[in-house]
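Enquirer: My questions will all concern the structure given below.
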């Protein structure tokens, strides 16, 4: 890409504005559009051009970046202008399910549109800074062709031609994050009964949780190997969380995050696997009973 590539960004929520803003220091012309006007002022002052419609935004660019509310809104905005998108590349950074991403990939292929689906592993303030990563899947040639632009937002990781893979990884990683946050909040509720602030507890919880993530690779090896009797693993019997549940009951706080894990442990113990590794709760998650 010797000549600057014109980019149009559809959707100026907080993330959309961050994505557009990270492109402005470069040489690529940036056009922005949002269904509700009034969100582009800062971007315009920094060199972006605002389009009056999604159609006119598309007409100005080779690369169309979409960051909207949901899967339905992507179709709502793009379906009426699908003919204008032909022979262009659409990078959809709207959060969708894997199957919704695949549907959009098929829709794009039928329409003659090069399509990349993306999962943003960052909050808006991280875009363009260290630690930001965006996961992509779909058209590999489009990924390679526009990678210098995609890299403006953070590390660009490609997962394959299956348009749903980026979404699958995105949601899987977010699942781990949200359950971790819920565990922290469970702990914060417990110590709050002793007058400890949530912020003070965070200072102690963060290094502990970070240290414990070092065990994830070993869990992965055990799960992939399928042998939960390997030596050196903490057993399900030893992993019983009853005392945590009792503590929550004693101080009068909720216990659903702990109870969820205890339920997974109990299911495996009741099936006779108490002496086996804690990692075996994976089997209770893997099978939707």
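Enquirer: Write out, first by first residue and then by second, each pair whose Cβ atoms fall under 7 Å of each other, whose residues are 6+ apart or on separate chains, and whose first residue, in segment 112-125, is within 12 Å of residue 156 (Cα to Cα) while the second is at pLDDT below 95 and surrounded by fewer than 21 Cβ atoms within 10 Å (Cβ to Cβ).
Expert: Between residues of segment 112-125 that are within 12 Å of residue 156 (Cα to Cα) and residues that are at pLDDT below 95 and surrounded by fewer than 21 Cβ atoms within 10 Å (Cβ to Cβ), there is no close pair.
Enquirer: Report every pair of residues separated by at least 6 positions or lying on different chains whose Cβ atoms are under 6 Å apart, first residue within segment 192-217 and touching a residue at least 24 places away in the same chain (Cβ under 8 Å), second assigned to a helix (DSSP H, G or I) and surrounded by 12 or more Cβ atoms within 10 Å (Cβ to Cβ).
Expert: Going by the 6 Å Cβ cut-off, the qualifying pairs are 193/251.
Enquirer: Out of 205, 210, which single residue is surrounded by 14 or more Cβ atoms within 10 Å (Cβ to Cβ) and either more than 14 Å from residue 280 (Cβ to Cβ) or at pLDDT 95 or above (or both)?
Expert: Details: 210 fails: surrounded by 14 or more Cβ atoms within 10 Å (Cβ to Cβ).
Sole residue among the options that is surrounded by 14 or more Cβ atoms within 10 Å (Cβ to Cβ) and either more than 14 Å from residue 280 (Cβ to Cβ) or at pLDDT 95 or above (or both): 205.
Enquirer: Go through segment 100-111 and count every residue that is touching a helix residue (DSSP H, G or I) at 6+ places or on another chain (Cβ under 7 Å) and either free of Cβ contacts under 8 Å to residues at least 60 places away in the same chain or farther than 16 Å from residue 79 by Cβ (or both).
Expert: Within segment 100-111, residues that are touching a helix residue (DSSP H, G or I) at 6+ places or on another chain (Cβ under 7 Å) and either free of Cβ contacts under 8 Å to residues at least 60 places away in the same chain or farther than 16 Å from residue 79 by Cβ (or both) number 3.
Enquirer: Output the residue which, of all residues in segment 242-255 that are free of Cβ contacts under 8 Å to residues at least 60 places away in the same chain and surrounded by fewer than 18 Cβ atoms within 10 Å (Cβ to Cβ), is farthest from the chain's Cα centre (by Cα).
Expert: 250
Enquirer: Hey, any hits in segment 31-43 for a residue that's surrounded by fewer than 17 Cβ atoms within 10 Å (Cβ to Cβ), in the same structural domain as residue 142 (by TED's automatic domain parsing), more than 23 Å from the chain's Cα centre (by Cα) and within 23 Å of residue 129 (Cα to Cα)? Before the answer, list the steps.
Expert: As a first pass, look at segment 31-43 and keep what is surrounded by fewer than 17 Cβ atoms within 10 Å (Cβ to Cβ): 35-38, 41-42.
Adding the requirement that they be in the same structural domain as residue 142 (by TED's automatic domain parsing) leaves 35-38, 41-42.
Checking the rest, the ones that are also more than 23 Å from the chain's Cα centre (by Cα) come to 35-38, 41-42.
Adding the requirement that they be within 23 Å of residue 129 (Cα to Cα) leaves 41-42.
Checking segment 31-43: at least one residue is surrounded by fewer than 17 Cβ atoms within 10 Å (Cβ to Cβ), in the same structural domain as residue 142 (by TED's automatic domain parsing), more than 23 Å from the chain's Cα centre (by Cα) and within 23 Å of residue 129 (Cα to Cα).
Enquirer: To continue, here is another question. Go through segment 95-126 and count every residue that is crowded, with 16+ Cβ neighbours inside 10 Å and assigned to a loop (DSSP other than H, G, I, E, B).
Expert: Of the residues in that region, 4 qualify.
Enquirer: Does segment 263-274 contain at least one residue that is modelled with pLDDT of 95 or more, surrounded by fewer than 18 Cβ atoms within 10 Å (Cβ to Cβ) and under 25 Å from residue 193 (Cβ atoms)?
Expert: yes
Enquirer: Would you check if there is a residue in segment 162-171 being closer than 22 Å to residue 3 by Cα and either touching a strand residue (DSSP E or B) at 6+ places or on another chain (Cβ under 9 Å) or in a loop (DSSP other than H, G, I, E, B) (or both)?
Expert: No, there is no match, as no residue in segment 162-171 is closer than 22 Å to residue 3 by Cα and either touching a strand residue (DSSP E or B) at 6+ places or on another chain (Cβ under 9 Å) or in a loop (DSSP other than H, G, I, E, B) (or both).
Enquirer: Working only within segment 49-77, note down all residues that are free of Cβ contacts under 8 Å to residues at least 40 places away in the same chain and either surrounded by 22 or more Cβ atoms within 10 Å (Cβ to Cβ) or not assigned by TED's automatic domain parsing to the domain that holds residue 119 (or both).
Expert: Selection gives 74 alone.
The values are calculated or read from the model by the stated rules, or taken from the named source; none is laboratory data. The structure presented is a predicted model; accordingly, all values stated were derived computationally and were not measured. Don't worry about glycine lacking a Cβ; one is built from the backbone with ideal geometry, like all the others, and counts go over all protein chains shown.
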